[in-house]
Amino acid sequence: MKTPQKSNEDIRSDGDAFIDAYLRARDELGRLDGVVAVGFGRKEVVDKLTADLSITAFVLEKIPDSEIPPDQQVPPTFEGYRTDVRVVPDITPAKCDNEDKYDSIEGGIQIQARNENSSFSGDDGKGTLGCIVRKRGNDKFKNHYLLTADHVLNTDNARRGGLVHHPYAPPAGDTTGSQVIAFIEDYGWRESVDYTAHRPSGEEFPMSGYIDCGIARLDLESRCCGIACSADNVQFDTTITDLDPDDATNNTIADVRDLSLDFAIAMPLDDIGTATDANRVVKVGRTTGRTVGIVTAVNSAALDGGDIIAGLLEVEFDPASTTDGVNCKGNALFIEGGDSGALVLDMNNNAVGLAFGTKTRPDDGRISCFACHIVAVLDTLRISIPTTGGTSHGSTLATDGSGIARYGGSIADVSDSGNVLFSSQAVAGTLKSASPAYPPRELQLVEDFVNRLRETRDGQFLHDAYVRSIREIGYLIRNKRQVMVTWHRNKGPAFLAAIADHLRGIATSIPVEIDGISRTTMLTNLERVLLEHGSRELRDTIESQRDAVMRCNEATTAEECIRILGYAETEAIA
């Protein structure tokens, strides 16, 4: 008995059955001669997209059925579901032209990689920063990287040991208008990889797919001397610039979504093929800015320099997204040259892919975007995406080992802006948020204290802990309300100013109490709130240095603090 052909409504009513059939078709149809990949998407008839969702076989060329043995032909249906056969097109990596400069490094802006001593200049290699990411199982403050396409980083042999510039790599000797924002520490990926796909139900299944991706470590070094630290070399944000043109507070990434086995992204609303937000995706690239697209195929395939690449997300421009049916360049394209590396998100701000190229169909000239599945990228690079609360696989807040907490762990939601010092705006004598312009004599006094402090074992540990933690403490005081209130109510800015004045030789001693608040009270309350809101590294640092801090808290001068630490060291040896 012939199996009835199943409609979109049948798929909607039992999506798991469709995905199960697709997984079987991937194995069975994938063994046919000429089939190079099997995905799913909207069926094509006479080179036009229909509303019907189908299981799609990708081939290098279409051959008349009369020339194909019956047992090697793609059947019109598979287990009742429509099938389709598409010709694999050539893919063209993106290049670029926009030169806008941003004060804060974030997703959607232009970058360009070069070797440190390269004299090469030009447009080659300009691309898009997808988003800021973090390595897994590591909640340390400096664990921040930029994510983009590998072919953006692999320019001028800059793959390892190279520098990433924003907005462009200047000619030799020209340092104006551009800055080094990151260092390329390792090789990227441009190949097919095995990864674990996650169905919407959470069930895992082994998959393979092509990825074009790489990361570079953000330059987050700052110099600390005594009390004050200089600002970070790079300020950054985990947002995507202009992701929501109507609401800048909605430029954040909500969560990570795996589309590898998610039929809903390619399912039109009705029999006409009307796309809805359930089918749309968005990206912000350095060339075409924010564009909206429609997912036309999942686990698609293409040709890259003659090589077959598969397991791709395929997207076309949504003409209904603009008043004139084209992008800002006047073309009906989801991405153009230079948009490579842009993060692709669904309309709920869930990361779904990483854009890396376009394809031109040889039969009708229609152009689509190709993106890597984001989970394949994250799993291969062992990274996670900072999200605003989502805990799916690949989010920094995930607890399955794919976030910054180790498996089963948890981590406080500490977003890092890249700024530094915890200072007050209104307290006289308070240090400001950059290296203070001390006179040479005062600066020498501060440096002498640091050197003598580090001559003691506990003093060295204490100063190392200070340098390691001050940036995160500064961020928490500026951006976490509970920490900010505790710091100010307990006269933290005034105590900090008093310590600075003493180290500079302006004051002969450090007060033990200011406006009725003792140093012990201030330190105790600050410790409590930092332990509650700080990262794991900060919590460990506070607990390991608590005794040394409280011993120095008894001192009224720098000399007394050094003597106390040295005495404690002598007692410990004895």
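Just so it is clear, none of the values below were taken in a lab; they were calculated from the coordinates. Keep in mind that this is a model prediction, so the values were computed, not measured. Using ideal geometry, Cβ is built from the backbone for each residue, glycine included, and neighbour counts are taken over all protein chains shown.
For the reader, a short list of remarks on this structure follows.
- Pair-distance profile P(r), taking every C-alpha pair of segment 440-573, with 10 angstrom steps and integer %: 12, 40, 39, 9, 0
- Surrounding net charge for Gln179, when Lys and Arg each add one and Asp and Glu each subtract one, Cβ distance under 9 Å: 0
- Computed FRET value (nearest 0.05) for Arg457 with Ala264, which takes r as the C-beta separation and R₀ as 56 Å: 0.40
- Two-site label geometry, Thr557 and Thr524: point separation in nm, points 7 Å out along Cα→Cβ: 2.8
- Semi-axis lengths, Å, segment 487-538, gyration tensor of Cα atoms, sqrt of 5 times eigenvalues: 23, 13, 8
- Cβ-based exposure ranking for Phe370, Phe183, Phe356, in which fewest neighbours within 10 Å come first: Phe183, Phe370, Phe356
- Ser509 versus Ile308: modelled label distance in nm, points set 7 Å from Cα along the beta carbon direction: 8.4
- Relative to the current alpha-carbon distance between Glu61 and Arg441, full extension at 0.36 nm per residue lengthens the span by 129.0 nm.
- Cut-off under 5 Å, modelled amide H: who pairs with His165 long-range: Gln112, Ala113, Arg114, Ile181
- Members of Lys101/Lys140; Lys283/Lys329; Lys48/Lys359; Lys6/Lys43 lying beyond 18 Å, as alpha-carbon distances in this model show: Lys101/Lys140
- Computed over the alpha carbons of segment 10-71, Rg followed by Dmax gives 13.0, 38 Å.
- Scattering curve values for segment 254-310, log₁₀ I(q)/I(0), Debye with Cα scatterers, q = 0.15, 0.19, 0.21, 0.29 Å⁻¹: -0.61, -0.89, -0.99, -1.11
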